[in-house]
1. Just the residues that are over 21 Å from A:ILE103 (Cβ atoms) and within 14 Å of another protein chain (Cβ to nearest Cβ), please, taken from the range B:74-103.
2. Of B:GLY111, B:GLY78, which residue is farther than 30 Å from A:VAL150 by Cα, surrounded by 13 or more Cβ atoms within 10 Å (Cβ to Cβ), touching a Ser or Thr at 6+ places or on another chain (Cβ under 8 Å) and in contact (Cβ under 8 Å) with a residue 12 or more places away in the chain?
3. Here are some residues: A:ARG74, A:ARG11. Which one is surrounded by fewer than 24 Cβ atoms within 10 Å (Cβ to Cβ) and touching a residue at least 24 places away in the same chain (Cβ under 8 Å)?
4. Hey, could you check the range B:1-30 for residues that are among the polar types (S, T, N, Q) and either within 14 Å of another protein chain (Cβ to nearest Cβ) or within 26 Å of A:LEU102 (Cα to Cα) (or both) and say which is farthest from the chain's Cα centre (by Cα)?
5. For the range B:209-225, indicate whether the set of residues that are buried (at least 16 other Cβ atoms within 10 Å of the Cβ), more than 17 Å from B:LEU62 (Cα to Cα) and either aromatic (Phe, Trp, Tyr) or modelled with pLDDT of 95 or more (or both) is non-empty.
6. Can you tell me which residue among B:PHE230, B:PHE221 is of a type outside the set (D, E, K, R), in contact (Cβ under 8 Å) with a residue 40 or more places away in the chain and not in a helix (DSSP H, G or I)?
7. Given (1) touching a residue at least 12 places away in the same chain (Cβ under 8 Å); (2) aliphatic (A, V, I, L, M); (3) away from every other protein chain (no Cβ under 14 Å); (4) surrounded by 15 or more Cβ atoms within 10 Å (Cβ to Cβ), identify the lone condition not met by B:ILE33.
8. What are the residues in the range A:78-104 that are buried (at least 19 other Cβ atoms within 10 Å of the Cβ) and facing chain B (nearest Cβ under 7 Å), if any?
Amino acid sequence: MEAIISTTDLRKQFHSRRGAVEAVRGVSIEVGRGEIFGFLGPNGAGKTTTLRMLTTLLPIDSGSATVAGIDVARRPKQVRSRIGYVSQLGGADELATGRENLILQGRLYGGDLASVSSRAQLLMEILDINEFADRRVKTYSGGQRRRLDVALGIVHEPEVLFLDEPSTGLDPQNRAHLWDHVRALRSRGTTIFLTTHYLEEADVLCDRLMIMDHGQIVAEGTPRDLKRQVSGDSVLLSLHDEGGALARARLLISAEPYVRELTTDGDQLRLYVEDGSAALPGLLRLLDRERIALKSISLSEPTLDDVFLHQTGRSLRDAGTNTTESAA
Amino acid sequence: MKTFRDTGLLFHRYTLQMLRNPVWLFVGFSSPILYLALFTPMLKHVAPTLGVRSGGVLEIFLPGILALLAFASGISMGFSTIFELQAGVIERFRVTPASRFAILIGPILSGLMMMAVFDAVVVAIAVGVGFQVHWLGLAALAVLLGLLAALMAAFSTATALVTREINSFAAIINGLNLPILLLAGVLLPISFGPVWMRVLAHFNPLYYAVQASRALATGTFGAPAVWQGFAVLAPLCALIIFWATRVFRKAVA
């Protein structure tokens, strides 16, 4: 794998009135050319800060980073012409049309008017912007704006495109649409580096990802490998708790050889097993034999949330609220 | 060369944005005209008691208005910077290889051009009500006002980048606005004031701009106020633009 982004022990501290906050604490990553690489983590985990260091917007405190083979700290100018960056805000001019925005952006990257105009036309076709290209941006819907933002990020055909929380604020349909566009970009050879706090986005879109929490990387791999690291599948049993059935079931099930972990939550038992579909028949037979009445049983494959939970002890869904404050 | 080209692109962009914002254009035109229409008539009656011949009222008042316009158009520049920061526009430009100096100076030059248009209208109106034009003086005055507006705009933009949000920015700008204006003798010459005001005024750059403006409006190139005005504004302008470019170069977290 040819690395197009690589960092070693990247660090960043912010100073506020309440003292120093370590936003990024030793991040080392390698991103291969042509990958869709994701940074998953709750708000305030340090994803955006890392991204801003890689895109020359924020000075690096310590550690090193190269993008497209160029040292970010030493030669930011050369890095800038090789990367595209779409921030959470987008930042298109609202009083200008989509086309005007694209042409100005292309010219700021050094293109001449003729070649930039035809490039803008091509991008508007690829990203389905054509229809409203000559309307002012302030009339655009969320999905339309996001597509323009992406077009602005790739007008100069960068080797790497950085997307910061690309689907925030989009409805599911527009989100899926955006993912298709991102995949299409990758198939044209662009490397995509994105941050997200959406589990599904990380899972479905990314070839490889890194899970970040409190400024540090807690796990890394393909979504499949990461999920496989967690103890297999989880089975959720709901019981009629009559005459100590719950306690009895708990004891019985925990003795089964294929059960790795068992937790109780109200009248529910959650167990982690190596292979859920193989374990179910045995479980059902066992409960039936012991005359323990089942309300329901469900089997689920591990999600990236389980990975996060496993690594940090918290659920990603809850984590955001606790950490935003400390990182703000 | 690249800086020049980028400056042109960003100048054009900012000018288009302004032209598409009719409210802003309306305010830009109306405020100097309101000053002329609603303040000058009062001066005419007060003038004799202050020892100013009534024909000389515009000679004192108009340059003051022009300096006030330059100051105000410059110092308010940061409000659009704050807006563009919050909309992510500045960040979008900063991640391109565009010259940092161009990102700063493009909008400032656009503002200067628009100020020149407003000024021309104001002077034309003033001529209509009896102001005598000294062309050479007016040309020199235009340069002086350009320096003043550019210096204030660069200061305001850099302050916006440092504060990053509207409340602290507005507090700083409003806090500076009033004392600077009152201690410059914009509407009435500071020489009408007591000694302590006249002494304090000498620490105020706008005071030198206003004094030089009044001399230039009547074509009195020999007045010490003229060289003093340029001697204060030109280096200050260069210094502030240098600082503002540095602020742009450094990260805005």
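1. B:SER80, B:THR81, B:ILE82, B:PHE83, B:LEU85, B:GLN86, B:ARG100, B:PHE101
2. On the way: B:GLY78 fails: farther than 30 Å from A:VAL150 by Cα.
Result: B:GLY111 is the single residue among B:GLY111, B:GLY78 that is farther than 30 Å from A:VAL150 by Cα, surrounded by 13 or more Cβ atoms within 10 Å (Cβ to Cβ), touching a Ser or Thr at 6+ places or on another chain (Cβ under 8 Å) and in contact (Cβ under 8 Å) with a residue 12 or more places away in the chain.
3. Working: A:ARG74 fails: touching a residue at least 24 places away in the same chain (Cβ under 8 Å).
Residue meeting the stated conditions: A:ARG11.
4. B:THR3
5. No, every residue in the range B:209-225 fails to be buried (at least 16 other Cβ atoms within 10 Å of the Cβ), more than 17 Å from B:LEU62 (Cα to Cα) and either aromatic (Phe, Trp, Tyr) or modelled with pLDDT of 95 or more (or both).
6. B:PHE221
7. Among (1) touching a residue at least 12 places away in the same chain (Cβ under 8 Å); (2) aliphatic (A, V, I, L, M); (3) away from every other protein chain (no Cβ under 14 Å); (4) surrounded by 15 or more Cβ atoms within 10 Å (Cβ to Cβ), B:ILE33 violates only (4).
8. Scanning the range A:78-104 gives A:ARG80, A:TYR85, A:SER87, A:GLY90, A:GLY91, A:ASP93, A:ALA96, A:LEU104.
The values are calculated or read from the model by the stated rules, or taken from the named source; none is laboratory data. What you see is a predicted model; the values in this text were computed from it and never measured. Note: ideal-geometry Cβ built from the backbone for every residue, glycine included; neighbour counts use all protein chains shown.
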